[in-house]
Amino acid sequence: MAAEVKGPASYFPSIEKKYGRPIAEWKELIRTSPLTKHMELVNWLKSEHGLGHGHANALVAHTLVEDAGK
């Protein structure tokens, strides 16, 4: 039995379906943005790429945590 996906990653299937881009591509956009603060990135994804707040927040949160672990 597969473990249930929790937290920000639980949004990933709906993000890919709704916006038509793989999660890796969204993460690369976040990583290459000149912005660094969480809410700056969320607002940028919303205004420049049309994401909803929850989806933008999930992508930014997951990417920043992932990068902090490197």
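Just so it is clear, none of the values below were taken in a lab; they were calculated from the coordinates. Computed from a predicted structure; not experimentally measured. So basically every Cβ, Gly included, is an ideal-geometry build from the backbone, and we count neighbours across all protein chains shown.
Pairs from the list K27/K70; K17/K70; K17/K46; K6/K27 with a Cα-Cα gap above 24 Å: K17/K70. Note on the chain: GNM, Cα springs under 10 Å; of L51, L41, L29, the largest mean-square fluctuation is that of L29.
Length gained on full extension, V65 to E40: 7.4 nm, using 0.36 nm per residue less the C-alpha separation.
Relative to the longest principal axis of the Cα atoms of the chain, the long axis of helix 53-68 lies at roughly 90 degrees. Loop only per DSSP, at most 14 neighbouring Cβ atoms within 10 Å: give me the GluC sites (Glu not before Pro) in the chain, ordered by residue number. Hits after loop and neighbour filter: E4. Computed from Cα positions, the angle between helix 23-32 and the longest principal axis of the chain comes to roughly 30 degrees. Computed about the Cα centre, the dipole magnitude for the chain is approximately 80 debye when only Lys and Arg (+1) and Asp and Glu (-1) carry charge, each at its Cβ.
Let a ≥ b ≥ c be the square roots of the eigenvalues of the Cα gyration tensor of the chain; is it rounded (a/c under 1.5), or, if not, prolate (a/b larger than b/c) or oblate? Taking the square roots of the gyration eigenvalues as a ≥ b ≥ c, the chain is oblate. Each Lys or Arg adds one and each Asp or Glu subtracts one; over the other residues with Cβ under 12 Å from the Cβ of E40, this totals +1.
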